[in-house]
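J.: Dropping the structure in here first, questions after.
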Amino acid sequence: MAKSVYDDTYAQSMRDPEGFWAAAAADVHWDRRWDRVLDDSRKPFYRWFTGGELNTCYNALDLHVDRGRGKQRALVYDSPVTGTVRAYTYRELRDAVALCAGMLRRQGVEKGDRVLIYMPMVPEAVIAMLACARLGAIHSVVFGGFAAGELAKRIDDARPRLILSASCGIEVNRVIPYKPLLDGAIELAQHKVPRCVILQRPQQTAPLVRGRDQDWSETLAGAQPVECVPVAATDPLYILYTSGTTGIPKGVVHDNGGHAVALKWSMSAVYGMGSGEVFWAASDIGWVVGHSYIVYAPLLKGCTTILYEGKPVGTPDPGAFWRLIAEHGVNALFTAPTAFRAIKKEDPNGTHMAKHDLSRFRTLFLAGERCDPDTLHWAEDKLRVPVIDHWWQTETAWPIAANCVGLGMLPVKAGSPTKAVPGYDVHVLAEDNSEMAAGQIGSIALRLPLAPGCLPTLWNNDAGYEKSYLTKHPGHYLTGDAGYRDEDGYVYIMSRVDDIINVAGHRLSTGGMEEVLAAHPDVAECAVVGVADEIKGEVPVGFVVTKAGVARSEADIVRELVERVREQIGPVAAFKTALVVQRLPKTRSGKILRGTIKKIADGHEWVVPATIDDPVVLDEITAALGAKGYPKR
Ligand code: COA
Ligand code: AMP
């Protein structure tokens, strides 16, 4: 293949990372210039732009107002579930954020304090995130689909001074009360939060707890706007909890300086977006995609961003995405392949697309889970625009591998998110840390230092950061993904090396679900496996062995297990199926053979592992799955 702008840019980022990122940093407004671009004085904890000071909110809002973009749309809220479309110009959004920051300050929030945000997809949630950034406070957004127990774990780890929440969310046509979940979480948590500010939505208001809860509108009414507080480049901007290998979520930290530089750079280099253009990430602010590409990156770049409170189907039909693209002049859409699988299922011929003017739509970006070639080709055929699969994680905050549209597109190979993005030194390693040959599957690792914007550590847990990510392959960050590179350097992400599964693009720990099942009084042991699903990519399926003497019906036990996961982890886990089995297949050393169970359930070829204790158990599992209709294809 001929050398491209991408090749040159990538080579430069590897040859001289400090020069490369210093040049990118010139595009950001600094209150104080950095002393060092890359500070490696405390390896393996690398920091970018030490000594520098800036404010992320200033760069995302005020800067554009100061430079004449005040009248441009910054944020468009489109909510088919409430029948609302509301646009904020950069000036309006800046003013709303400054006022919200004043409200937070009146509640005692200052630089370095944590503010937990448990809110649906409403503009106030985005305003609250930016208001925290304005004050130098650290936000921690928790996805609305998590239950009280998960919320409580995050409260205890982040120890917020304040919680911002809303009375309810809306899922298609159901009102989901948020307040009982919040009250339950506060009850469960050890850390006692002194104050909550609650946005009362007209669809369902919530009773307020005297002395603790305040009404959002009333509190805001008494606030004065505040200016941006400069913070150190290395100060945390936010903590976002993500699934690890146990039920304890990891508090991934992203800082201010490296994050602003990398995200702004990514908008043009990776996504090919210019200031003034319209970018839509159809995700949720509770996920990293929402943090990076609904809120921070598009605003840092001076784009218009779309906040969509709806689904790809059902709100009201599979034409919802095309309506938004046409109505708001969207130039690029970013979503998860699962959304396209859902649309394709309801509208296989793409008839809804023909009803809308998609002439301004240029590129579709997909991430969050492996993009199956069928979905990629369907989207290409129907939309007639480039469809870009790209790969990244909560920990990196921006893409590790992508077809960088702004650096000249490379040929698309279905099944591959293309090549390493400039700044990322991607390696495919064997158990002994040697480099795998092209085509050979290994553990994908990133040579340190990580690019700016990636996590510098876990919240209050340097040791956990080292243990989880830096010990397996010395000098490298463990992505937790397995895959390979082909002869052309294209990366292929095949599976996780741990027990994380991807359900509708949502990252979940099967270990966490196993903890819930194991706590059921009738359960002796259990395994949870991610089984292939036509729409969601994967869904969790539980396998439980009951204690001796348990005579209750399988249906009763399964119903209780499903309820427990929903109550303790949340509906987002999509845990709906469990099987009571006689035994679980294990190795002679007692390790449950989850991989083999998955292959049987998915209908893939499997062999009896050499280390198995009793091969007959696999026949029992095959029969139990067969009785429930697995494999499904
Ligand atoms: N608050 C409360 N509950 C929520 C929620 C929220 N913010 N988000 C989801 N849930 C609930 C859903 O209502 C559903 O509950 P149910 O079991 O009672 O039906 C459950 O959590 C699972 O939600 P979800 O995985 O979204 O499934 P779905 O069937 O409602 O929708 C898709 C499936 C594919 C349409 C949807 O997941 C989707 O649009 N995904 C792609 C976009 C995306 O968010 N990607 C994330 C990373 S880019
Ligand atoms: P999250 O941290 O929730 O963004 O999930 C990150 C994980 O999702 C990655 O480690 C991968 O396992 C998976 N993932 C994200 N994008 C892709 C992609 N394009 N292809 C394959 N897997 C992906």
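J.: Report the antiparallel proportion of the DSSP beta bridges in the chain as a percent, rounded to a multiple of 5.
T.: In the chain, approximately 60 percent of DSSP beta bridges are antiparallel ones.
J.: Compute, for the range 125-194, the length of the dipole vector about the Cα centre, with Cβ point charges of +1 (Lys, Arg) and -1 (Asp, Glu) only. Units Debye, rounded to 20.
T.: 220
J.: Can you tell me which of 605-612, 50-57 comes out highest on packing, and rank the rest after it, using the mean Cβ neighbours within 10 Å?
T.: 50-57, 605-612
J.: With a cap of 11 neighbouring Cβ atoms within 10 Å, and only residues DSSP puts in a loop, list the GluC sites (Glu not before Pro) found in the range 392-435.
T.: Filter output for the range 392-435: GLU431.
J.: In terms of the Cα gyration tensor, with a ≥ b ≥ c the square roots of its eigenvalues, is the chain rounded because a/c is under 1.5, prolate because a/b exceeds b/c, or oblate? All intermediate terms of the calculation are to be shown ahead of the outcome.
T.: Values: a/c = 1.44, a/b = 1.22, b/c = 1.19.
Verdict is rounded for the chain.
J.: Just from its helices, what would the mean residue ellipticity at 222 nm be for the chain, if runs of 4 or more DSSP H residues each count -39500 (n - 2.57) and the sum is divided by every residue, rounded to the nearest 500 deg cm²/dmol?
T.: Calculated from helices alone, the mean residue ellipticity at 222 nm is -8000 deg cm²/dmol.
J.: Further question: Return the FRET efficiency for the residue pair GLU466, ALA551: r is the Cβ-Cβ distance, R0 is 35 Å, and the value is rounded to the nearest 0.05.
T.: The formula returns an efficiency of 0.15 here.
J.: Relative contact order of the range 192-286: what whole-number percent is it, with Cα pairs under 8 angstrom and at least 6 residues apart?
T.: Over the range 192-286, the number comes to 16 percent.
J.: Per the 1.4 Å probe, what fraction of the accessible area of the chain, in percent, lies on carbon and sulfur atoms?
T.: Ligands and nucleic acids excluded, carbon and sulfur reach 50 percent.
J.: Report the relative contact order of the range 504-627, percent, no decimals, based on alpha-carbon pairs under 8 angstrom and at least 6 residues apart.
T.: 22
J.: I would also like to ask the following. Quick one: plug the Kirkwood hydrodynamic radius of the range 398-497 (C-alpha pairs) into Stokes-Einstein at 25 °C, 0.890 mPa s, and report D in µm²/s.
T.: In µm²/s, the coefficient is 173.
J.: Let me ask another. Report the relative contact order of the chain, percent, no decimals, based on alpha-carbon pairs under 8 angstrom and at least 6 residues apart.
T.: 12
J.: Would you mind classifying the range 39-193 by shape? Square roots of the alpha carbon gyration tensor eigenvalues, ordered a ≥ b ≥ c; an a/c under 1.5 is rounded, otherwise it is prolate if a/b is larger than b/c and oblate if not.
T.: Oblate is the answer for the range 39-193, as a/c is 1.5 or above yet b/c matches or exceeds a/b.
J.: Additional query: What figure, in Å² to the nearest 10, do you get for the accessible area of LYS111 with a 1.4 Å probe and non-protein molecules left out?
T.: 100
J.: Is the shape of the range 504-627 best called rounded, prolate or oblate, per the rule: a/c under 1.5 gives rounded, else a/b larger than b/c gives prolate, else oblate, with a ≥ b ≥ c the square roots of the Cα gyration tensor eigenvalues?
T.: oblate
J.: Can you tell me the order of 348-357, 407-416, 145-154 when each peptide is scored by its average per-residue count of other Cβ atoms within 10 angstrom, highest first?
T.: Packing proxy ranking, top to bottom: 145-154, 407-416, 348-357.
J.: In terms of Cα to Cα distance under 22 Å, which lysines are near enough to LYS192, apart from those fewer than 8 places away along the same chain?
T.: Result set, ordered by chain and number: LYS111, LYS153, LYS179, LYS250.
J.: For ILE535 and ALA624, FRET efficiency with R0 = 22 Å and r from the beta-carbon atoms, rounded to 0.05?
T.: With R0 = 22 Å, the Cβ-Cβ based efficiency is 0.40.
J.: A further question follows. How much accessible area per residue does the chain have, counting only protein heavy atoms and a probe of 1.4 Å, in square angstrom? Show your work: numbers first, answer last.
T.: Values: 23880 Å² over 633 residues.
Per-residue accessible area for the chain comes out at 38 Å².
The values are calculated or read from the model by the stated rules, or taken from the named source; none is laboratory data. The structure displayed is predicted, hence computed values, not measured ones. Ideal geometry is used to build each Cβ from the backbone, glycine not excepted, and the neighbour counts take in all protein chains shown. The protein model used for the area step is the full one, side chains on, heavy atoms only, and it has no ligands, DNA or RNA in it. Shrake-Rupley method; radii C 1.70, N 1.55, O 1.52, S 1.80 Å.
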